[in-house]
1. Yes or no: region A:552-562 includes at least one residue that is more than 12 Å from chain B (Cβ to nearest Cβ), assigned to a strand (DSSP E or B) and of a type outside the set (A, V, I, L, M, F, W, C).
2. Based on this model, can you work out whether B:Y289 counts as out of contact with any helix residue (DSSP H, G or I) (no Cβ under 9 Å at 6 or more places or on another chain) and either modelled with pLDDT of 95 or more or assigned by TED's automatic domain parsing to the domain that holds B:V98 (or both)?
3. So is A:R319 more than 21 Å from the chain's Cα centre (by Cα), of a type outside the set (V, I, T) and closer than 25 Å to B:A437 by Cβ or not?
4. Look through region B:421-430, keep the residues that are free of Cβ contacts under 8 Å to residues at least 40 places away in the same chain and crowded, with 24+ Cβ neighbours inside 10 Å, and return whichever of them is nearest to the other protein chains (Cβ to nearest Cβ).
5. Can you pull out every residue in region B:466-482 that is of a type in the set (S, T, N, Q) and either over 16 Å from B:I531 (Cβ atoms) or within 14 Å of chain A (Cβ to nearest Cβ) (or both)?
6. Under the condition of being surrounded by fewer than 23 Cβ atoms within 10 Å (Cβ to Cβ) and touching a Ser or Thr at 6+ places or on another chain (Cβ under 7 Å), which residue from region A:262-293 is nearest to A:V89 (Cα to Cα)?
7. Across region B:68-87, which residue is farthest from A:I511 (Cα to Cα) among those that are among the aliphatic types (A, V, I, L, M) and in contact with a helix residue (DSSP H, G or I) (Cβ under 6 Å, 6 or more places away or on another chain)?
8. From the list A:I32, A:I39, which one is closer than 22 Å to B:I542 by Cα and touching a Pro at 6+ places or on another chain (Cβ under 8 Å)?
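The values are calculated or read from the model by the stated rules, or taken from the named source; none is laboratory data. Only a predicted model underlies this, so the values are computations on that prediction, with no experimental measurement involved. When we count neighbours, we look across all protein chains shown, and the Cβ atoms used for this are built from the backbone with ideal geometry, even at glycine.
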2 protein chains.
Amino acid sequence: MGKKIVVIGGVAAGPKAACRVKRLMQDAEVTIVDQDTLISYGGCGIPYYVSGDVSDEAELRSTSFHMVRNEEFFKDAKGIIVKTGTRAVAIDRQNKTVKVEDVASGNEEVIPYDILMIATGSKPFILPIPGVDLDGVFTISDLHKAIEIKDRIAKGKVDTAVVIGGGAIGLEMAEAFKDLWGVKTSVVEFMPQVLPRIVDFPMASMLTKHMRDNDVDIFLGEGATEIIGENGKVTGLRTAKRTIDADIVIMAAGVRPRSEIAVDAGLQTSPMGAIVVNERMQTSDPFIYAAGDCVEVVNLVSGKKFYAPLGSLANKEGRVVGDNMAGIPSTFKGAVGSFIMKAFDVCIGATGLSRDVALAEGYDADVALTAPSDRAHFFPTESIVCFQMVFDRRTRKVLGLQGFGPMGDGISARIDAAAAYISMGASIDDFGTLEMAYAPPFSAAIDSINAIAYVADNLCDGRLRKTSLGSFLSWMDDFSTQPDWLALDIRHPLEAGPFVEKFGTAKWLAIPYNEIRAHHEQLPKDKKLIILCDAGTRSFEIQSFLDSIGISNTKVLSGGFNMIRRIGVDWYPE
Amino acid sequence: MGKKIVVIGGVAAGPKAACRVKRLMQDAEVTIVDQDTLISYGGCGIPYYVSGDVSDEAELRSTSFHMVRNEEFFKDAKGIIVKTGTRAVAIDRQNKTVKVEDVASGNEEVIPYDILMIATGSKPFILPIPGVDLDGVFTISDLHKAIEIKDRIAKGKVDTAVVIGGGAIGLEMAEAFKDLWGVKTSVVEFMPQVLPRIVDFPMASMLTKHMRDNDVDIFLGEGATEIIGENGKVTGLRTAKRTIDADIVIMAAGVRPRSEIAVDAGLQTSPMGAIVVNERMQTSDPFIYAAGDCVEVVNLVSGKKFYAPLGSLANKEGRVVGDNMAGIPSTFKGAVGSFIMKAFDVCIGATGLSRDVALAEGYDADVALTAPSDRAHFFPTESIVCFQMVFDRRTRKVLGLQGFGPMGDGISARIDAAAAYISMGASIDDFGTLEMAYAPPFSAAIDSINAIAYVADNLCDGRLRKTSLGSFLSWMDDFSTQPDWLALDIRHPLEAGPFVEKFGTAKWLAIPYNEIRAHHEQLPKDKKLIILCDAGTRSFEIQSFLDSIGISNTKVLSGGFNMIRRIGVDWYPE
């Protein structure tokens, strides 16, 4: 008889490790225990199940060849014993046993192990506010809750919804409510932007505008203070500023590692409670592995440990656990934290560190912005995409990349290439020559990822001097904040004309890009020129030229009007 | 007055370098000479101009902000002198001058330089066969030819077309003729597959089938022997096997570096005539740079020099030239040869070395194949994608990746990530944990690129034993070639049933995947089992299980029926 392997947790990392180790050691006795009755599901698919894109929850628990991954499947196809409805209560490391409890009957059992894996996942963070126990308040933490949410909507019981938390799950749920079901939906986010720490202000602002354009109300910088109800049922949500009606409240305020059993067993955990593992996913007890949302992993950019509860990482970590349990010393070196999300007709993605996180980590971080075509600009399906690169000025290392563009795989292509490159320590210069497969239907000869690296290169070397989007927007709101600024709009006269008309030549001077060399004598010497075009590229060219003739009091607005239009401003001429 | 910089060639690398160096050194006098009158165009867009996706050739010569890049544009916007219709005749390195000739008048002029750049591009390879000078025989080498081709089609003068060469340009032109204009189109390729050396047999076969399904005739392993005509006009093409009618013949048999002027000047060139440059794109004369289709660069996989005439590389190399001419020591380290192409409703991409090239280079090369979902299999827009990974068994280095799937950016995402990773020397194990941004609308929790790495890992460690697609197809054509083989079809009985019925249980045994553990006693011991499923994944699981019970005379068909269906076979049951 082979080794006894016990896996606690049957969603992602656990089953992956169990199946892998069983394949590698067919004589092993592999047992998965899970307190839930529904296991091995794609939790990231829940918003799409609620929206109706996925019609049946069983699809989330099925293989690509349409078998439901239940106890019978694991037994017949995989040779693995699965005990559902079975909660692991305690680990006895001395005697190498796990005490489990049948959730329904309360009966206890002691299961011996040679090797143990903890894959207990995460638990939703419950805000410490009144009303969280009201009927109609949900977290997105398992399939049962998803089924109940969809059931309520499908039965017409939900006219209004509030989502607490503008992270990925919250925004995906908001789209699900609004898009298919037409539920009046609001998102309340405590931080001043959506997707905090994942993307920075410009990207978050474009996403917010797009969601608002699709009738999702988004309230930023507002914490939920109370969930209110009547007769035990939720009726709304209060913030410091308003009360919002709600038949349903989704609490999507982040997750925490579910690691009590590891803590109780004396395994090393991080201050936030994540289980500490090495590259082979071993805990501080070499006979116990852990993976998935209950562990922390190395951030391949910063080199520090971080908490990255992502289903895609859980599966990769799980395979590494399976290898190691079978004696193959595979390693999981870490992650860069890649992220992508659909929101109505757009998608937003990121990898590596955001500017805010990079600054907090002590990097000499700066950002490059641009907004070029996603493929050959003459190809019919061309669209504008917006990218922000985060880089370290001192080492020229690329720390992160964020992208916003039309729904499709074009943003993925750049984010994924960046993730591969960043995980290998690539610099701005590497990104400048990164070889994206080129044909006009797919990319530009100078791909957007090269273009953003060129911007970073010019910034890093001090050739390009920019104003921040925030400073520019402040000035546009109130010219008196920077009385000596003058917009130099180098776009086509048809584009620049309405701005000159609205703001006057004292604030808005228009000279087309291709006429600056001939007519630069029209430029005032006593003003700071804010050079404006669509993407920022032409503006940099003009800044370089003006420098050469002694007009150096200039700044470029990177990303230009392509980005401004997507962020949405109230001063845009009709 | 600043330095005199002269650039020979005004299509891609030349203008890029000229504009960059002018930005960096505004006092430089930068001159571009080009023998053509139309310059700075996207040559890769020609098939899309011919197809009508791009309506006007001027779009190929325009900026993203819709200015035509002509002499006036370069002068006004960039401060660069462009002399079109001006052929560079000779370089006098001693006196640092270039002799140029006005193509129309024959007048000669001598232009002095401080720094020179050669960006003369490539010239089409003209097959040494009779008839190449007939009216109606075209190469795709400049915009004038493209304009004339489209003009002939638009005027209804083209009913039949033959393309010589099944490379990217040839296939793109074939699609252009067929798709929009309904021209009866044939492709003749000398090698036994399309896209030779770029992709391997399985990928090429799927593409061939898709193009044939779209009514493009493709004749493989047939060299053009003669172009035939009447009254000086082309009427058809002969191969050893047939004569094909043609009102137009496109010769797309590859390109060669256009480097005569460099050779005459005594600069170092490769045996095939490509100009030799260092990482800073300097030729053997430090005052002369070269870039684009006239140079060879380092292959970042093999470390050897190779010829990669791609517009995307030309632009990146051009920027490096511009930097260096201005004293910034930027480097172009090399390329991995990324490739992507649209063909009707599919796309095909590749990066790094193909198996055939890797074997020729002396690697211990092997391939992994798989055909999984391109995103969460429960997401409505899911499709099957086929990937082949080329790896070195000895070092576990990934040498290349090839992908085939539905038209869109999904293949790009994997090819681009692979290009970034391969250029950094990534191994199979790195690919196994490569972090592709995950959400169900974009990818699977275990992305297809991880899945193909898992296959490679299992192959490399000897856990997975496969039969080649070629061997399997041969056996299906004639069972007597391998009399002891038996197909073990583990798909759903509804899928496997028709095969059992057609081929009989002596050749085709069907036991569903999830019943093998219970019913393995049905398996004969005296046969070699070829295990078959849709992608190959389940087959590997079954192989592992059978190994553990002593049935080890088995092989897996990687890629399975997902790939077989896309390649197209005549034995498929109705």
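1. Yes, that holds for at least one residue.
2. On the way: out of contact with any helix residue (DSSP H, G or I) (no Cβ under 9 Å at 6 or more places or on another chain): no; either modelled with pLDDT of 95 or more or assigned by TED's automatic domain parsing to the domain that holds B:V98 (or both): yes.
So B:Y289 does not fit the description; no.
3. Details: more than 21 Å from the chain's Cα centre (by Cα): yes; of a type outside the set (V, I, T): yes; closer than 25 Å to B:A437 by Cβ: yes.
Judged against the criteria, A:R319 is a match.
4. It comes out as B:Y421.
5. If the condition is that a residue be of a type in the set (S, T, N, Q) and either over 16 Å from B:I531 (Cβ atoms) or within 14 Å of chain A (Cβ to nearest Cβ) (or both), then B:S474, B:S480, B:T481 are the ones that fit.
6. Selected residue: A:V263.
7. For region B:68-87, the residue satisfying everything is B:V82.
8. Just a single option satisfies the conditions, and that option is A:I32.
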